[in-house]
Amino acid sequence: MHNYIIETERLILRPLKIEDAKAVYQWVSDERVARYMVYNTYTSVEAVVEWLSMRQQPDEEYHFGFVRKEDGLLIGSGSIGPDSNRNGFWKFGYNFRYDCWGNGYATEATKAMIKFANEHFGITKFSSSHVEQNKASGHVMEKCGLHFVKYGQFEKLDGSNKMRSMEYEGEISIF
């Protein structure tokens with residue numbers, strides 16, 4: 001686990017903690033959110049605790065909780081780190097409470113994670129993908145400077161659902 005904290009105009013990006021389990025459950029248990037994600041809809045806070053416990057272990061990815069400054073509410077999470085499928089690229093992803101969609105939080109948080117990777121690690125090549133039906137995520141990726149490169153395959157972790165994805169990449173420097 002890392003100790004980085006990033007501030008934007010409306011958000012604080014900070015490491016996720018096990019104590020965040022109930023807040024995280026708000027969006028990972030929501031079918032409207034989970035339909036676009038690799039995980040299946042969570043059915044218990046205990047399963048979230050297990051997932052958060054894995055996030056406490058050191059790895060190459062930097063996981064952040066997104067806290068709204070105005071009320072201190074944890075409204076989403078995301079990560080950024082090396083892309084094992086694209087040499088020299090770092091990938092990112094994000095996930096938000098349904099009631100926070102459409103407010104620009106994903107773009108704000110993603111730009112902050114990209115800037116973090118630029119400043120701390122000199123990374124300038126980024127990639128991401130989304131389920132084809134999730135057009136809003138494509139707009140976020142484009143607003144962050146990525147462009148569509150190809151279609152791919154998006155699959156639930158348990159293999160239960162395969163969907164077409166849209167793959168994006170771009171070279172971005174915010175130094």
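The values are calculated or read from the model by the stated rules, or taken from the named source; none is laboratory data. Owing to the predicted nature of the structure, the values given are computational and were not obtained by experimental measurement. Backbone-built Cβ (ideal geometry, glycine too); neighbour counts: all protein chains shown.
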Open item on the list: For the range 95-107, which positions are in contact (Cβ under 8 Å) with a residue 40 or more places away in the chain and touching a strand residue (DSSP E or B) at 6+ places or on another chain (Cβ under 9 Å)?
Closed with: ASN95, PHE96, ARG97, TYR105
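Matching residues to (1) of a type in the set (Asp, Glu); (2) outside any loop (DSSP other than H, G, I, E, B); (3) in contact with a His (Cβ under 8 Å, 6 or more places away or on another chain):
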site	(1), (2), (3)
ILE12	no, yes, no
ALA21	no, yes, no
TYR25	no, yes, no
ARG32	no, yes, no
GLU46	yes, yes, no
SER53	no, yes, no
GLU60	yes, no, no
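Take the residues of the range 134-175 that are small (Gly, Ala, Ser) and in contact (Cβ under 8 Å) with a residue 24 or more places away in the chain: which is surrounded by the fewest Cβ atoms within 10 Å (Cβ to Cβ)?
Taking the range 134-175 and keeping what is small (Gly, Ala, Ser), we get 136-138, 145, 152, 159-160, 165, 170, 173.
Next cut, in contact (Cβ under 8 Å) with a residue 24 or more places away in the chain only: 136-138, 145, 160, 165, 170, 173.
On the way: ALA136: 12, SER137: 21, GLY138: 18, GLY145: 17, SER160: 8, SER165: 18, GLY170: 19, SER173: 12.
The qualifying residue surrounded by the fewest Cβ atoms within 10 Å (Cβ to Cβ) is SER160.
Could you check, for the range 117-126, whether at least one of its residues is among the polar types (S, T, N, Q), surrounded by 14 or more Cβ atoms within 10 Å (Cβ to Cβ), out of contact with any Phe, Trp or Tyr (no Cβ under 6 Å at 6 or more places or on another chain) and modelled with pLDDT of 95 or more?
yes
Give TRP101, TRP90 a once-over and let me know the one that is crowded, with 17+ Cβ neighbours inside 10 Å and among the hydrophobic types (A, V, I, L, M, F, W, C). Break it down into steps so the answer makes sense when it comes.
Numbers: TRP101 fails: crowded, with 17+ Cβ neighbours inside 10 Å.
Sole residue among the options that is crowded, with 17+ Cβ neighbours inside 10 Å and among the hydrophobic types (A, V, I, L, M, F, W, C): TRP90.
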Open item on the list: Of the conditions (1) in contact (Cβ under 8 Å) with a residue 60 or more places away in the chain; (2) within 22 Å of SER173 (Cβ to Cβ); (3) within 16 Å of the chain's Cα centre (by Cα); (4) assigned to a loop (DSSP other than H, G, I, E, B), LYS111 satisfies every one except a single condition; which number is it?
Closed with: (4)
- [ ] Out of ASN85, ASN95, ASN103, report the one residue that is assigned to a loop (DSSP other than H, G, I, E, B) and closer than 18 Å to LEU11 by Cβ.
- [x] ASN103
Open item on the list: Quick check on the range 44-57. Is at least one of its residues surrounded by fewer than 18 Cβ atoms within 10 Å (Cβ to Cβ), in contact (Cβ under 8 Å) with a residue 24 or more places away in the chain, over 24 Å from GLU155 (Cβ atoms) and under 14 Å from the mean Cα position of the chain (by Cα)?
Closed with: no
